[in-house]
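Colleague: This is the structure I want to talk about, given as structure tokens.
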């Protein structure tokens, strides 16, 4: 294994592996991630819930605008697509957990200042998610052709419409979930690129299918609860999931071969050697 680099001694990119190795985790690991996420939320409640209000407000605004000016199918597509974009918006929550892990008092200024270090790769990944969001919104609209023309269709008549919609939606969700499960926290933590982070995330998801299936179901349950409560539940649920995602990354991905993202952490580790 290549040791972690000291300041001024970054390993050459061609010497680094194409994907970061992952650790095996049990199917019950997501419960531990949630417990650690809740701990971070209670240690920085004001900053965490501020992000929750921002994200919930953004989701409610998107829902209102698409319901007011668009078709119901488009609303459903964008409502589901909000789940795709949320991981990028949650980078601030990962930063809070990162600061707590380093023994620092979390501040918004740190998140904004240090965010520039990984801004390019985050924007690349965010652009890819946005494209998927737009394609999914279009697909949601196109699927309306399978909806029965009857005013009060029977469940039998709705089966093709609901079946095709479920398959298409599940496909989009699985792709985005695998690509973002660990990639964004890795971009925050290590000096790597978006491609390596995404491939690492997909590899870890495939190798820990049981745990990630449980994690995905927990996220889905939280999303349903958030929508049922008219987005109010997202104020707490999104920060909780964001912090838990950071701990999911830390417990699953071994990214020590890539140098730390932040220079101050470089100096601290160098002084310990």
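The values are calculated or read from the model by the stated rules, or taken from the named source; none is laboratory data. Here the structure is a predicted model, which is why all the values come from computation and not from measurement. Here the Cβ is made from the backbone with ideal geometry for all residues, glycine too, and neighbour counts use every protein chain on show.
Colleague: Kindly indicate whether residue 148 is touching a residue at least 60 places away in the same chain (Cβ under 8 Å) and outside any helix (DSSP H, G or I).
Modeller: The answer is no for residue 148.
Colleague: Checking the condition surrounded by 16 or more Cβ atoms within 10 Å (Cβ to Cβ), modelled with pLDDT of 95 or more and out of contact with any strand residue (DSSP E or B) (no Cβ under 7 Å at 6 or more places or on another chain), which residue from 36, 78 passes?
Modeller: 36
Colleague: All but one of (1) at pLDDT below 90; (2) over 27 Å from residue 258 (Cβ atoms); (3) surrounded by 14 or more Cβ atoms within 10 Å (Cβ to Cβ) hold for residue 4, so report the exception by its number.
Modeller: Among (1) at pLDDT below 90; (2) over 27 Å from residue 258 (Cβ atoms); (3) surrounded by 14 or more Cβ atoms within 10 Å (Cβ to Cβ), the lone unmet condition for residue 4 is (2).
Colleague: Can you list residue pairs whose Cβ atoms sit under 8 Å apart, with the first residue in region 110-127 being farther than 11 Å from residue 92 by Cα and the second being modelled with pLDDT under 75 and not in a helix (DSSP H, G or I)? Count only pairs 6 or more apart in sequence or on different chains.
Modeller: Hits for this filter: 117/262.
Colleague: To continue, here is another question. Check 245, 252, 200 and return the single one that is over 27 Å from residue 43 (Cβ atoms), touching a helix residue (DSSP H, G or I) at 6+ places or on another chain (Cβ under 7 Å) and surrounded by 24 or more Cβ atoms within 10 Å (Cβ to Cβ).
Modeller: Exactly one residue qualifies, and that residue is 200.
Colleague: Counting only residues that are farther than 12 Å from residue 48 by Cα and part of a loop (DSSP other than H, G, I, E, B), how many does region 88-110 have?
Modeller: 4
Colleague: If I filter region 105-130 down to residues being loosely packed, with under 13 Cβ neighbours inside 10 Å and modelled with pLDDT of 80 or more, which single residue comes out as farthest from residue 169 (Cα to Cα)?
Modeller: Only one residue fits best here, namely 105.
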